Amino acid sequence: MNRRTLLGGLFAAASVPALSACASGITSLDGQGSASGGGGSSKGGVTIGTANFTENQVLGYLYAAVLKAAGVKVTNGQLAIPQLFENMFPDWFAGVAFAAIGIGALVPAAIMSIAAANLFTRNIYKDFINPAATPRQETRVSKLVSLLVKVGALVFVLTMDKTVAINFQLLGGIWILQTFPSLVGGLFTRWFHRWALLGGWAVGMLYGTIAAYGVASPTQKHFGGSSKEIPGIGEIGYIGLTAFVLNVAVAVVLTFALRAFKAPEGVDETSPGDYTADAGDPGVQTELPPATAEASH
């Protein structure tokens with residue numbers, strides 16, 4: 001087997017979208033799962049560590065085929081690709097590949113930490129802690145929070161069990177989907193009652209979390225997959241979508257109920273012009289000074 005063929009197989013494996021979800025469970029060449037969670041196989045086959053999802057099983061088979069053809073023995077499924085680089089390519093290429101893997105992991109972490117820092121600074125620090133904060137103070141707080149988020153993420157990765165990562169990834173997709181009705185219903189329409197949107201979000205979050213917790217797999221008792229039987233229908237469906245439907249249904253029902261009881265809907269302080277205003281328009285306050293050539297250096 002030449003290196004061109006090997007590289008082609010490697011890129012085919014890397015093209016599977018589920019690459020980032022490889023964290024726990026076992027998928028092997030013989031299709032048998034293992035509850036041990038280790039990287040080896042008692043039958044001597046090449047074994048790949050991956051979550052027990054269909055797309056990750058495909059990824060595991062691709063990894064296993066490439067490694068078996070290359071004659072590489074892997075003792076830790078999570079290090080399959082780095083091991084392949086180290087064994088089959090020159091040292092300089094392996095170094096570049098390892099650096100690319102590291103950068104690939106750091107870039108999304110940096111983006112998410114910056115986003116979290118901006119959200120905290122603009123929505124919590126500026127609004128509740130220090131309303132008179134200057135742009136310089138906001139920048140300082142944002143940098144500090146971004147650093148704390150990075151350190152917290154590092155501690156989380158180094159101290160928590162590896163199965164926790166895939167559990168939170170599974171729950172993250174379900175949880176994020178539940179924010180959609182509140183965002184769309186709260187920003188683009190005024191029909192929903194504010195407390196109805198909050199109630200729908202709570203129901204969707206609760207159902208999604210409990211349903212995901214109750215899914216078992218050959219490798220773990222809880223959070224073993226993202227699909228479960230839909231209540232009242234009997235068909236298997238994505239938990240996040242079922243929770244989303246419950247979310248919207250509860251929001252609609254509560255909106256009618258709260259309006260029937262004449263519950264206060266609150267005051268909308270925005271106007272249509274707030275969503276189309278630009279800097280320089282009448283009544284628009286500029287928070288930051290205009291950029292100049294001197295300020296850029």
Worksheet, complete the sentence: Checked pairs for segment 139-160, first surrounded by 13 or more Cβ atoms within 10 Å (Cβ to Cβ) and among the hydroxyl-bearing types (Ser, Thr, Tyr), second in a helix (DSSP H, G or I) and modelled with pLDDT of 85 or more, C-beta under 7 Å and 6 or more apart or across chains, list as Ser142/Ala117; Ser142/Asn118; Ser142/Thr121; Ser146/Ser113; Ser146/Ile114; Ser146/Ala117
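Name the residue that is surrounded by the fewest Cβ atoms within 10 Å (Cβ to Cβ), counting only residues in segment 98-138 that are in a helix (DSSP H, G or I) and of a type in the set (S, T, N, Q). Quick ask: steps written out before the conclusion?
Restricting attention to segment 98-138, the residues satisfying the condition of being in a helix (DSSP H, G or I) are 98-129, 135-138.
Retained after the next criterion (residues that are of a type in the set (S, T, N, Q)): 113, 118, 121, 123, 137.
Numbers: Ser113: 19, Asn118: 14, Thr121: 24, Asn123: 10, Gln137: 14.
The selected residue is Asn123.
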Discussion item. So for segment 224-241 (the condition being closer than 21 Å to Gly173 by Cβ, modelled with pLDDT of 90 or more and of a type in the set (S, T, N, Q)), does at least one residue qualify?
Written reply: no
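Does Phe244 meet the test of being surrounded by 15 or more Cβ atoms within 10 Å (Cβ to Cβ), at positive phi, in contact (Cβ under 8 Å) with a residue 40 or more places away in the chain and in the same structural domain as Ala257 (by TED's automatic domain parsing)? Walk me through it before giving the result.
Numbers: surrounded by 15 or more Cβ atoms within 10 Å (Cβ to Cβ): yes; at positive phi: no; in contact (Cβ under 8 Å) with a residue 40 or more places away in the chain: yes; in the same structural domain as Ala257 (by TED's automatic domain parsing): yes.
So Phe244 does not fit the description; no.
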Worksheet item: Just to be sure, is Ser217 more than 30 Å from Arg259 (Cβ to Cβ), surrounded by 13 or more Cβ atoms within 10 Å (Cβ to Cβ) and not hydrophobic (A, V, I, L, M, F, W, C)?
Response: yes
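Any residue at all in segment 201-214 that is under 20 Å from Ala115 (Cα atoms) and in contact with a Lys or Arg (Cβ under 7 Å, 6 or more places away or on another chain)? Full working, then the answer.
Filtering segment 201-214 for residues under 20 Å from Ala115 (Cα atoms) gives none.
No, every residue in segment 201-214 fails to be under 20 Å from Ala115 (Cα atoms) and in contact with a Lys or Arg (Cβ under 7 Å, 6 or more places away or on another chain).
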Practice prompt. Kindly check whether there is at least one residue in segment 141-153 that is in a helix (DSSP H, G or I) and at pLDDT below 85.
Written response: yes
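The values are calculated or read from the model by the stated rules, or taken from the named source; none is laboratory data. The structure presented is a predicted model; accordingly, all values stated were derived computationally and were not measured. Note that each Cβ is placed from the backbone with ideal geometry, even for glycine, and that neighbours are counted across all protein chains shown.
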